[in-house]
Amino acid sequence: MAISTIIKTKRDGKITLSDNGAANTLVIDYEAGDFSMSVGGASVSLFLNRGKISATPSIRYNEDQPITFSFSAYFRDLSDAGYETLSEVLLQSGAVGSGWVSTMGANGEVFAIDVGILIEGTDHGDASDHSFTLPNCVVTGSWAEGEPNTISVSGTSYALLPTSIA
């Protein structure tokens, strides 16, 4: 099938956070649609010839760089033992703190999650929806009052590239 001719917009996306094995998930509802990411890939080293770039540069792959991302959502709830909230993911409290297992394992020192991105395609005539996963993410966040109140999330996926790309 040919590449889609339909331009995708923020109305086509969905962000899902999940723990180890996706035993627990949280779909981010009521969000601005401003997800962004930067895929670091492997850094490239340039080796100069007496301080000059050669006609054919001497370049080599060097250290891998993690993926970074951010998004914002509208603040609706802080915490509750009966259901998960975005705030609980950031604070590792409530239902998330007591029931989610880090993607690094139950004994992992760092609390990490997977971040899944789904982009609607079939509703627009594509053969399938489009998706990818950012594995082993450590997230931080900030809250701000306004109209409406918002939660801004920043994260690092400790992977070279997204996985489960479809």
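Condition test on L134, is it surrounded by fewer than 19 Cβ atoms within 10 Å (Cβ to Cβ), under 17 Å from S164 (Cβ atoms) and modelled with pLDDT of 95 or more? Working first, answer last.
Values: surrounded by fewer than 19 Cβ atoms within 10 Å (Cβ to Cβ): no; under 17 Å from S164 (Cβ atoms): yes; modelled with pLDDT of 95 or more: yes.
Against the criterion (surrounded by fewer than 19 Cβ atoms within 10 Å (Cβ to Cβ), under 17 Å from S164 (Cβ atoms) and modelled with pLDDT of 95 or more), L134 does not qualify.
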Do we have S87 as farther than 19 Å from G141 by Cα and assigned to a helix (DSSP H, G or I) here? no
Condition first: touching a Ser or Thr at 6+ places or on another chain (Cβ under 6 Å), over 15 Å from L17 (Cα atoms), buried (at least 16 other Cβ atoms within 10 Å of the Cβ) and at pLDDT below 95. Can you find one or more residues in the stretch 94-111 that meet it? yes
Any chance the stretch 39-61 includes a residue that's closer than 24 Å to S128 by Cα and touching a Leu at 6+ places or on another chain (Cβ under 7 Å)? yes
Of (1) over 30 Å from T150 (Cα atoms); (2) surrounded by 13 or more Cβ atoms within 10 Å (Cβ to Cβ); (3) among the β-branched types (V, I, T), T56 satisfies every one except (2)
Here are some residues: A55, A73. Which one is over 23 Å from G108 (Cβ atoms) and touching a residue at least 24 places away in the same chain (Cβ under 8 Å)? A73
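Of D29, D34, which residue is assigned to a loop (DSSP other than H, G, I, E, B) and at pLDDT below 95?
Working: D34 fails: at pLDDT below 95.
Result: D29 is the single residue among D29, D34 that is assigned to a loop (DSSP other than H, G, I, E, B) and at pLDDT below 95.
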Could you check how many residues of the stretch 38-53 are surrounded by 14 or more Cβ atoms within 10 Å (Cβ to Cβ) and modelled with pLDDT of 95 or more? 1
The condition from (1) more than 25 Å from S142 (Cβ to Cβ); (2) modelled with pLDDT of 95 or more that Y74 misses is numbered (1)
Flagged pairs (Cβ under 9 angstrom, 6 or more apart or on separate chains; first in the stretch 96-124, at positive phi; second surrounded by 15 or more Cβ atoms within 10 Å (Cβ to Cβ)) are G105/N20
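Mind listing just one residue for me: the one in the stretch 112-125 that is in a loop (DSSP other than H, G, I, E, B) and surrounded by fewer than 18 Cβ atoms within 10 Å (Cβ to Cβ) and, of those, modelled with the lowest pLDDT? So that I can check it myself, show each step before the final result.
Let us first name the residues in the stretch 112-125 that are in a loop (DSSP other than H, G, I, E, B), namely 112, 120-121, 125.
Next, from what is left, pick out any that are surrounded by fewer than 18 Cβ atoms within 10 Å (Cβ to Cβ): 120, 125.
On the way: E120: 95, G125: 89.
If we take residues in the stretch 112-125 being in a loop (DSSP other than H, G, I, E, B) and surrounded by fewer than 18 Cβ atoms within 10 Å (Cβ to Cβ), then G125 is modelled with the lowest pLDDT.
The values are calculated or read from the model by the stated rules, or taken from the named source; none is laboratory data. For clarity, every value in this text was computed on a predicted model and none was experimentally measured. For neighbour counting, all protein chains shown are included, and Cβ atoms are generated from backbone atoms with ideal geometry for every residue, glycine included.
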